[in-house]
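The values are calculated or read from the model by the stated rules, or taken from the named source; none is laboratory data. Model, not experiment: these values are computed from the prediction. Don't worry about glycine lacking a Cβ; one is built from the backbone with ideal geometry, like all the others, and counts go over all protein chains shown.
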Amino acid sequence: MNKIELNSMSLDELKDFIVNIGEKSFRGQQIFTYFNRNKNIDIESLALLPKELRKKIIDISFINEVKIYKKFDSDIDNTKKYLFALSDDNIIESVFMQYKHGNTACISTQVGCRMGCKFCASTKEGLIRNLTPAEMLNQIYMMEKDTKETISNVVLMGSGEPLDNYENVLKFINIIHDENGHNMSLRNITLSTCGIVPKIYELAKENLPITLSISLHSPFDKVRLKMMPISKKYSISELIKACKAYGNSTNRRLTFEYTLIEDINDSETELDELANILRGLNAHVNLIPLNPIKEYDKESPNRDNIEMFQKGLLNRGIPATIRREMGSDISASCGQLRRSITHIQ
C-alpha cells in the first residue's frame, strides 16, 4: 500500500483523511497546526492525539522531511544560504534574507530545472524532479527554526520553474496562507516564471493576489531566444498578452525581471523597445546586474551604465529599480543558485 504524504495535505484534505479513518474532523486541524504553525514533524510527539490514533496515522502515512545539510553565512550582509537534504538524498538550495520590511525566503520548487536559461546556474543539470508542497513548506519552517526569526515574505525564485510544478506550487501557496498555519499574506508571495504562457492564464483564473514576476531579459525575440529557450515556444507578444490578462484579472502590479548583460541587452534600442512593450501595463522593472556563473562568460555593465539604463526607463515612464545584491559572496544572488552538492556525500 502506498502511504500518504501527510504534511503535504491542505487543512480540508487532512480533515477528510481523519474522518475517513473514523475520527472527528477537528483532529485534522490539530495535525495541520502542528505541522504548519508549530513547525513540528514527528507525529508521535503530538500529545493532543490519542496514542492509538497516532499509531493508526503512522501505519498509513509518512511525513516528508527536509534537513539542513550545510549552511553558508554571508560576510557582506546577514544573508544565509541553506543546502537542504531531501528524503531521496537529493540536495536543494534556499536563501534567507533580511530587509527593513521583514525577512524573506527564496525557496526552490524543483530539484534542478528544465528551462535552460543560459545565465542561470540552477538549470545546468536539467530537471531531476518536482518538489512536493511539504518540501517547499519545510524550507521555510527549517530556516525559521534555525534563525529563530519569522519569515513574512517568500519568493519562488530558487531552483526550478514554479509554473512547471503548477499543482504542487498552488497547494503550497494555499497551505502557507492558511490562517490555521503560517498565515502568510498572499500579497507577500512572489512567483517568478520564465513565461509558460498557458500556465499564466491558468494562474490568472485562480485570482490570487500574489505578485507575478516575469523573467524577461530582452524585449526582442531573437535576443531573448539566445538566453532563454522558452522563447522558442512562446513569443514576447504572446507573453505580454498573457501578462495583461493576469493584471486585468488580479488587479496586481506585475514585475519584470531584467538581467543586464553588457553588449547583449543594455543598448538604447533595448530601452526603447522595452518601454514600448510595457507601456500601459501596471508593471515595474527590476534591473539585475548579471551575477557571474562559470558556464556563462558574459559581464554585467558597469554601475554607471546600469544607472543610466534605469534612468532611461524612468524617463520613458516605466518604473524601475536596481536590485540590491544579497549574499553574492556565498553565491546566493539571483541566478547563482546551483546544486553545487547534488547528493548527500
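Filtered by the rule that a residue be more than 16 Å from Lys145 (Cβ to Cβ) and surrounded by fewer than 16 Cβ atoms within 10 Å (Cβ to Cβ), segment 33-55 gives Glu44, Ala47, Leu48, Pro50, Lys51, Glu52, Lys55. Filtered by the rule that a residue be part of a loop (DSSP other than H, G, I, E, B) and touching a Leu at 6+ places or on another chain (Cβ under 8 Å), segment 183-198 gives Gly195, Ile196.
Considering only segment 84-110, state which residues are in contact with a Lys or Arg (Cβ under 7 Å, 6 or more places away or on another chain), within 17 Å of Leu191 (Cα to Cα) and of a type in the set (A, V, I, L, M, F, W, C). Within segment 84-110, Val95, Phe96 meet the criteria. Across segment 275-298, which residue is modelled with the lowest pLDDT among those that are within 13 Å of Thr255 (Cα to Cα) and of a type in the set (Val, Ile, Thr)? Within segment 275-298, the match that is modelled with the lowest pLDDT is Ile288.
Sort out which residues of segment 40-58 are part of a helix (DSSP H, G or I) and in contact (Cβ under 8 Å) with a residue 12 or more places away in the chain, and write them in order of number. Residues satisfying the conditions are Ile43, Glu44, Leu53, Lys56, Ile57, Ile58. Meeting the requirement of 3 or more residues that are in contact with a Gly (Cβ under 7 Å, 6 or more places away or on another chain) and assigned by TED's automatic domain parsing to the domain that holds Leu203, the strands (runs of 3 or more DSSP E) wholly within segment 79-175 are 91-99.
One residue stands out among those in segment 15-32 that are among the charged types (D, E, K, R) and in a loop (DSSP other than H, G, I, E, B): the one that is surrounded by the fewest Cβ atoms within 10 Å (Cβ to Cβ), which is Lys24. The residue that is nearest to Glu135 (Cα to Cα), counting only those in segment 93-104 that are of a type outside the set (S, T, N, Q) and surrounded by 23 or more Cβ atoms within 10 Å (Cβ to Cβ), is Glu93.
Have a look at Tyr234, Tyr201 and point out the one that is assigned to a loop (DSSP other than H, G, I, E, B), of a type in the set (Ser, Thr, Tyr) and more than 24 Å from Arg323 (Cβ to Cβ). Within the list Tyr234, Tyr201, the selection yields Tyr234.
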